[in-house]
Amino acid sequence: MIRRRHLFLAVAGVAATAALLGGVLAGNPAAGPAADVNAASAASTLTQGFSPGDTAAYVAQLERRVAEDPRDAEALTLLGLAYQQRVRETGDPSFYPRSAAALRRSLALAPDDDLALTGLAALAASRHRFRDAGRLARRALAANPYSASALGTLGDAKIETGDYEGAFATFDRMAALKPTVGSYARVSYARELLGRTEGAIEAMKLAVSAAAGSTEPAAWALVELGNLYYNSGRLRPAERAYREALARFRDYHRAQAALARVEAANGRVGEAVALYRRALEAVPLPEYAAGLGETLAAAGRKEEAEEAFELVDVIQRLFEANGARTELETALVDLDRGRKLADALARAREAYAARRSIEAEDVLAWALYRNGRCEEARIHSIGALRLGTRDALKLFHRGMIERCLGHGPAAREAFRAALTISPHFSLRWAPVAKEAVR
Amino acid sequence: MRYIALFGALLTAVLAAALVRGAGPEKGVASSHREAPVISEDPTADNTDVYAFVSPDRPDTVTIVANYIPLEEPAGGPNFNQFADDVLYELKVDNNGDGREDVSYQFVFTTQTRNGDTFLYNTGPITSLGDPDFNRPQSYKVTRVTRDQTTVLGRNLKSPPVNIGPRSNPDYGSLMRAAVQQLPGGIKAFAGQADDPFYVDLGSVFDLAGLRPFNPAHVIPLAADDGVDGVGGYNTHTIALQVPIKQLTRDGKLHDADDREAVLGVYATASRQKVQVIDSNGRRRDSGDWVQVSRLAEPLINEVVIPLRKKDRWNASDPSDDADFVQHYTSPELTRLANALYPALDNAPENGRGDIAAILLTGVPGLNFTGPTKADLIRLNTGIPPSAPVGEGDRLGVLSGDFAGFPNGRRLEDDVTDIELRALTCGYGPTVGPLIESLGFCAGNANRSPNNQLGDGVDTNDRPFQKTFPYVAAPHQGYDHAHHGLMGGL
């Protein structure tokens, strides 16, 4: 289908242009305004699937189509989506404004086009504007109730704003409508949140299979699969998944950073540092800098660690300057480093007010603890674990909070639970947990 | 001319508006939360073409060929294409005209890894299907399913390797022959890589919808030229099945051509496992449940007829639901495009095209009509005997008076692109034109000129077909492949 879709889509895509050239330039009466309108509407109802191979070439082709016919709403939509895929592949955020511009132009030409709306929803989610993402996804679904990708983004927005029951139902609808890498990965994430690690792994394996024909999506799903293994303490299968991701997509930054974590857990600091640096060179994400800092700190290389942590700050400021909400992420880094604690608590409260997710609630609990407010912290720690997620770090936070309140047995139980899930859950905190249960 | 000027002004206004709206102050940020790809293709579950014909060398049988995975580059290593283990591939036959399958053949694959220490596909020349150097062989199970019976026809049936090169597959032909499986009841099966039998001029079509032989008639004229097969040199994965006709008809008998029970409706699907967040009984995997992700019967329906926003729904639906999509057949977009792009053509009606609906959804009376139920199926009248060995039928099929060809079933050699182009533009030619006119379609002229000569100039596949099952040509070898960015990023 892809082939023929491309083929006839190319036909359709150029048809409006051709008709237009015929009408405007040649003045041919057979291709006058009425024919143009027909051709344009015909073109807009045809589409082509996403290129499984070379996205850069696909982008170039769509850019040509748009240059040939700036009114080609469909090409603009596909271009907007392709730019987002380019961000995934390169980490270059300058594709985001290009995506937004293309999608908005498309919507101006074809209001209520569900795919363009879905693209804008996904873009909002990328910028952590989850309420906007939800609103746009709902508009897309109003235009096309059968849009699997709009359901996916709507579910993502629900997850990030803490509406878990709603999100799971949305994911189930998506998966029943169209099993894709996106639907399997979301079901996997939901099962992970519910503490059903094995089910999450099975669903992510299906995601890997469904992505088999596409480069970055397949590598992405493999990294997610590896993360499920890693987070449940299975370093060897995790490493295999990351290496396979790198075999499918060379120099993939997500796989490099994930593999760095395995190397660090195995005590291979040099390899870990090199991998983090390569990932950071490709895509400066704050979590990569933080991982580098933790690795260096754990190895006793304090000055280099400080440099890495400063890089976290720089990246975060860049993000904020570009309109991304990062209160949650900055708060956690500061809390772990034991600085700007009161301010971090304020940011955690702000984040939790904006998105009542278990992630936000866990950071809030940790911020309260680090500010010595352990009673309040305990309430939110319970909230952060309410889904039964087998998340070692959240359980560790719980243990510290219980210990702060003098609840020795409860604290030890939480530490043991964290270490049972994974003795490698954190370079910084796993040793603290081990010491506590000794 | 007034309209033309107006249109130009309108275009300028739209453009200006688009530019203003597009030039927002937004800046980009990289993302850190987990995001699945918004859109991704699933080629291993992507059904590209279905063929169904009475087997010329075994005329008491029907051969069904379903191809999956489009445009496989022969030099596709190290991750060579293969069938997916968690996809259910099905060939389905409706024998009573209700658009629902009465007999289905299910194919489920299992990939074995003989040597877990290597990512390599093979560790030496593969000289037989059981060769230990063949590191990732696939085998499959075929199950026949009817309303009251499920019968396993074969297990552990071997697929051949992909065609890598003269070192890895020194005698590919013998591997392909060895992979023809004899199943109980006179059934033959084959599942593996093959040359893609489809042919079309992709290169010209990508260039402003050109048809090289018709270059002078295009709104941007060029000198006329021969077509170039853009699918040439690409492979696909074929599932082929040859079944005695009696095992497919409703009453288990052979029928004459004028008997409606002689007509079989054929389609193919691919389905993926259904997963749920909140499943009953705490079961983690509902392996019995499948969600259809792709279906295909008549060529080009999903590509040209079904609009974008309905594609997810269409692919998940069944042929018996096709009445919901009938307006896309009776008002075909491609007819409008052809009228707009080729001013020299005699414009065909853009609406009320019951002829297209008949050909694609109910069958044509007197040829392969199955009744009033509208369903996208390849309709094969098994009472019409084969007219030629495989590959030697008239490429224009019924339009040329060869009633053993498309749209009566679909043979490997049928030039469906040219046939559909002519049908959509009411250029049926002198044989079929009068019939279409007598049915009241094409506004009294179903043999328009030059519409009745339309074509992309590619008239045959790049490789000859085999005369015996599975008929498709052996796959192109990676070693001597000829592609160097022919398709760009596609």
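Summary table below
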| read-out | value |
| --- | --- |
| Peptide-level mean, for B:43-49, of C-beta atoms on other protein chains within 10 Å | 5 |
| Where labels lie 7 Å past Cα in the beta-carbon direction, separation of residue B:346 and residue A:302 in nm | 9.2 |
| Under 5 Å, built H, 5+ apart or other chain: amide partners of residue B:46 | B:69 |
| Ranking of A:165, B:392 by count of other Cβ atoms within 10 Å, fewest first | A:165, B:392 |
| Approximate spin-label separation residue B:75-residue A:314, in nm, with each point projected 7 Å along Cα-to-Cβ | 4.1 |
| Where labels lie 7 Å past Cα in the beta-carbon direction, separation of residue B:431 and residue A:247 in nm | 5.2 |
| Cα shape, chain A, gyration tensor, a/c 1.5 rule | prolate |
| Principal-axis tilt of helix A:55-68 within chain A, Cα atoms, nearest 10 degrees | 40 |
| Helix runs (DSSP H) in chain B reaching 20 Å along axis by Cα, Kyte-Doolittle at least 0.0 | B:2-22 |
| Extension gain, residue B:217 back to residue B:321 (0.36 nm per residue minus Cα-Cα distance, nm) | 33.6 nm |
| Total formal charge among the other residues, if their Cβ is under 11 angstrom from that of residue A:140, Lys/Arg +1 and Asp/Glu -1 | +1 |
| Cut-off 13 Å between beta-carbons: net charge of the residues surrounding residue B:245, Lys and Arg +1, Asp and Glu -1 | -1 |
| Extreme residue, positive dipole direction of the protein assembly as shown, given options A:300, A:154, B:197 (C-beta unit charges) | A:300 |
| Between helix A:2-20 and chain A: long-axis angle, C-alpha atoms, 0 to 90°, nearest 10 | 50 |
| Under 15 Å, Cβ to Cβ, from residue B:375 - net charge with Lys/Arg +1 and Asp/Glu -1 | -4 |
| Relative contact order of chain B, pairs being alpha-carbon contacts under 8 Å that are 6 or more residues apart, as % | 19 |
| Given charges at beta-carbon only (K, R positive; D, E negative), |dipole| of chain A in Debye | 780 |
| Helical mean residue ellipticity (222 nm; -39500 (n - 2.57) per DSSP H run of 4+; nearest 500) of the protein assembly as shown | -14000 deg cm²/dmol |
| Trypsin sites (Lys or Arg not before Pro) within region A:209-254: DSSP coil, no more than 12 neighbouring Cβ in 10 Å | A:250 |
| Ranking of A:391, B:312, B:201 by count of other Cβ atoms within 10 Å, fewest first | B:312, A:391, B:201 |
| Chain A: angle of helix A:302-321 to the longest principal axis, Cα-based, in degrees nearest 10 | 40 |
| Label zone at residue A:278 (point 7 Å along Cα-to-Cβ), backbone N below 17 Å, region A:224-240 | A:239-240 |
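FYI, it's all coordinate maths here, none of it is from the lab. Just so you know, these numbers come straight off a predicted model, no measurement behind them. Glycine also receives a Cβ, built like all others from the backbone with ideal geometry; neighbour counts cover every protein chain displayed.
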